[in-house]
Amino acid sequence: MTLPSRDPAPRRRRGKRFTLLACLFTSLLCPVDAPSQRRPPRRPTPQQPQTLPLDPLTPEEKERAARAASDDARVKELLGGGTPRVVYVEFLAVKPDDESRARERDGSPIRIGRHAEVVLYNSENDRGARAVVVLDRRDSVRQVERLDGDRVPLTFADLQEAHSIALRNPEVRSLLGADADRFRVLRQEQIRRGDESQIAVEGLRYRTTDPADPCYRQRCFLLLFRRGRAYVNDARTIVNLNARNARVERRRR
Amino acid sequence: MRTHRVVSLALILAAAFFAAAEASAQSCSRPYFVEQSFPTGGPEQTRWRICWQMQPRHGLVITSAHFRKSPTSPFVRVFWDARIGEIYVPYHSGFAFYDVSDFTFGWVALNSNDCPAAKGGTLLGGGPDVCKEVRDRGLAWKDDTDAYRGEEVVLWGTIDAANYNYIVEWTFRDDGVVVGRVGATAQNLPGSQTEAHMHGPIWRLDIDLDGFTGDSVHVGTHKENLPGPTATDTDPVVNVETGLQWVDEQFTTLHVHDSALKNKPGNRSMYMLMPLRWGKQRHSPDVTKQDFWVTRYRGTELFARELPTYISNAESVSNADVVLWYYGGVHHIPRDEDFSSADPQWPGVAHVMWTGFMLKPHNLFDGTPLYPQKRR
């Protein structure tokens, strides 16, 4: 083994040679569009610890986005007052104006910021709004558009409401029998269809293709009652959230 | 001797730098980041880098996908975003569901039965949400006594649409091909269990070859010059936002070109959108009247149901940032095999029916991929 020289000058020269060689190998092998090691990885900002640009929104980001959209004057105006609720908050990858920010290079991920799509709904006037929120220090709303109530998706809360409307209908109670009050609307993580003891109600947004039927445009649910895996299959229960009524249609063959 | 040691050290350092740079450049964290090189045994030839998310309603969304055709080539972005933009489900008696845009459906947590490690499966996400499978895909090519078995990495997750499950599957092959499929399964609609119906997924494919802009879409059209024996292939450009028909006898495909991306021989690289279908479903909503749509990129235009509105201003899609949409379909005629006659507490299930498309690279490679180099 050769001991390092005590003369600092040759050591510097060797150091330079070594750096030169490393750089040469790197530049020869490095693909054009692949990241190089010239710059260190971008550090996460204090607001978004360890969250990369294309990661799903964190619960904290969702809260901030919902708050920013709910507080925005343009959103409020579109929703026409009342007490609108947040229907969903979802991740959105918005392309930057400067395309170079969307390239993974120089050891850095893309630089597009964090954005959320927020949809709100006011059931009092059947109005919805969609907002794009920029999640940064100011959490500002970048874009707003109006949504007809018809275009606002139904939610878990709507399903709960539809279920309570249905249970006030004697025909529905008769369909469900003695355990009518045991049916529950379950959150996704609670659903276990293989559990024979689980008694649950599920729902689908119901639309007819007949313009004369209120469910052609209004917010209607087809409720599905099940015990374990077995759905109640004798009839269909349809709830109109706008008219707040329920009807039972006997099974068609 | 000393020089040899320095060179070796430099090589080791360079390799370490590469590993660090690649790891740090990803734009999503694990488990949302999937990187797969091919072949899985032997020296690397091709590589995919993918980011994914599960989103309510859309299910498994690909939030970026890059492909590298050789270890010395640059990564080429294929997707900025790829997702299901709608699943339209009309029943023959006249009612219908929009299973993506009408309800905030979640997704089914997976388990090791869904995604067995023994079959190349890895569960991803906290649910777990997604199954990653690395698997043999059969013959990639055969030439007399020579043959090559291809491989692929498949990601799939399941939308829980009440009685129905939709399996949203994305396959990234070793030869740069992407296959998108949706499989409809689980239980037929209670109260209408024996009623025939259709499941029509519409994919939104934001394909960005070599950057956002500079992409153009051409319509691949085959014509037999009957009654003569010759045939002609053309691919006219799509100039403005529009909907397009799939014509079976024309083998209609959409071709996405980038104005600058070429392979080594100097040919324009593109991806071809090729339907995998056995029918053409048409219903009353306008969105079901076309098989393909081409729109200019708008970040919030995510829902296929609004396509007639999205194209109403007929923006230019030539040499632009474009998004392709493809409408597939499954025709489900319930059968006794969908039910159990033995036990009313175990009502039976509809087996998976698939529909989808293939995105195939064309002039992306410089020659036959996955072919022995010594033969060149």
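The values are calculated or read from the model by the stated rules, or taken from the named source; none is laboratory data. Nothing here was measured: the structure is a model prediction, and the numbers come from that model. Every residue, glycine among them, receives a Cβ derived from its backbone with ideal geometry; neighbour counts consider all protein chains shown. Just so you know, the surface numbers come from the protein's heavy atoms only, side chains and all, with ligands and any DNA or RNA stripped out. Shrake-Rupley method; radii C 1.70, N 1.55, O 1.52, S 1.80 Å.
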**Request:** Please specify each residue of the stretch B:94-122 satisfying the condition of being polar (S, T, N, Q) and either facing another protein chain (nearest Cβ under 7 Å) or closer than 30 Å to residue B:300 by Cβ (or both).
**Result:** B:101, B:104
**Number of the condition not met by residue B:213 [criteria: (1) among the hydroxyl-bearing types (Ser, Thr, Tyr); (2) within 14 Å of chain A (Cβ to nearest Cβ); (3) part of a strand (DSSP E or B); (4) touching a helix residue (DSSP H, G or I) at 6+ places or on another chain (Cβ under 8 Å)]** = (3)
**Prompt:** Restricting attention to the stretch A:186-205, does a residue exist that is within 9 Å of chain B (Cβ to nearest Cβ), open to solvent by 70 Å² or more (accessible area, probe 1.4 Å) and in a helix (DSSP H, G or I)?
**Reply:** yes
**Request:** Kindly establish whether residue A:234 is more than 10 Å from every other protein chain (Cβ to nearest Cβ) and surrounded by fewer than 13 Cβ atoms within 10 Å (Cβ to Cβ).
**Result:** no
**Request:** Please indicate, with yes or no, whether at least one residue in the stretch A:239-250 is at the interface with chain B (Cβ under 8 Å from one of its Cβ atoms), part of a strand (DSSP E or B), surrounded by 21 or more Cβ atoms within 10 Å (Cβ to Cβ) and of a type in the set (D, E, K, R).
**Result:** no
**Message:** Condition (residue is surrounded by fewer than 19 Cβ atoms within 10 Å (Cβ to Cβ), within 11 Å of chain B (Cβ to nearest Cβ) and either touching a residue at least 12 places away in the same chain (Cβ under 8 Å) or on the phi < 0 side of the Ramachandran plot (or both)) applied to the stretch A:162-171: is it met by at least one residue?
**Reply:** no
**Message:** Name the single residue that is farthest from residue B:86 (Cα to Cα) among those in the stretch B:284-317 being outside any loop (DSSP other than H, G, I, E, B) and facing chain A (nearest Cβ under 10 Å).
**Reply:** B:306
**Item:** Set A:148, A:213, A:158: member being surrounded by 14 or more Cβ atoms within 10 Å (Cβ to Cβ), among the charged types (D, E, K, R) and under 23 Å from the mean Cα position of the chain (by Cα)
**Value:** A:158
**Prompt:** For the stretch B:249-288, what are the residues that are in contact with a Gly (Cβ under 8 Å, 6 or more places away or on another chain), of a type outside the set (Gly, Ala, Ser) and within 18 Å of residue B:357 (Cα to Cα)?
**Reply:** B:251, B:252, B:253, B:254, B:255, B:272, B:275, B:276, B:277, B:280, B:281, B:288
**Asked** With respect to residue B:250, is the statement that it is in contact with a helix residue (DSSP H, G or I) (Cβ under 7 Å, 6 or more places away or on another chain) and surrounded by 14 or more Cβ atoms within 10 Å (Cβ to Cβ) true?
**Response** no
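Report the residue count in the stretch B:345-363 for those that are open to solvent by 20 Å² or more (accessible area, probe 1.4 Å) and either within 23 Å of residue B:251 (Cα to Cα) or touching a helix residue (DSSP H, G or I) at 6+ places or on another chain (Cβ under 8 Å) (or both).
Just the residues of the stretch B:345-363 that are open to solvent by 20 Å² or more (accessible area, probe 1.4 Å), to begin with: B:345-347, B:349, B:351-354, B:358, B:360-363.
From the residues that got through so far, the ones that are either within 23 Å of residue B:251 (Cα to Cα) or touching a helix residue (DSSP H, G or I) at 6+ places or on another chain (Cβ under 8 Å) (or both) too are B:349, B:351, B:353-354, B:358, B:360-363.
Residues in the stretch B:345-363 being open to solvent by 20 Å² or more (accessible area, probe 1.4 Å) and either within 23 Å of residue B:251 (Cα to Cα) or touching a helix residue (DSSP H, G or I) at 6+ places or on another chain (Cβ under 8 Å) (or both): 9 in total.
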**Fill in**
Counting only residues in the stretch B:122-143 that are among the small types (Gly, Ala, Ser) and farther than 22 Å from residue A:189 by Cβ, the one surrounded by the fewest Cβ atoms within 10 Å (Cβ to Cβ) is identified as B:138
**Complete:** Within the stretch A:85-114, restricting to residues that are assigned to a strand (DSSP E or B) and farther than 22 Å from residue A:155 by Cα, the one that is most open to solvent (accessible area, probe 1.4 Å) is A:105
**Prompt:** Can you tell which of B:114, B:99, B:81 is surrounded by fewer than 23 Cβ atoms within 10 Å (Cβ to Cβ) and not hydroxyl-bearing (Ser, Thr, Tyr)?
**Reply:** B:114
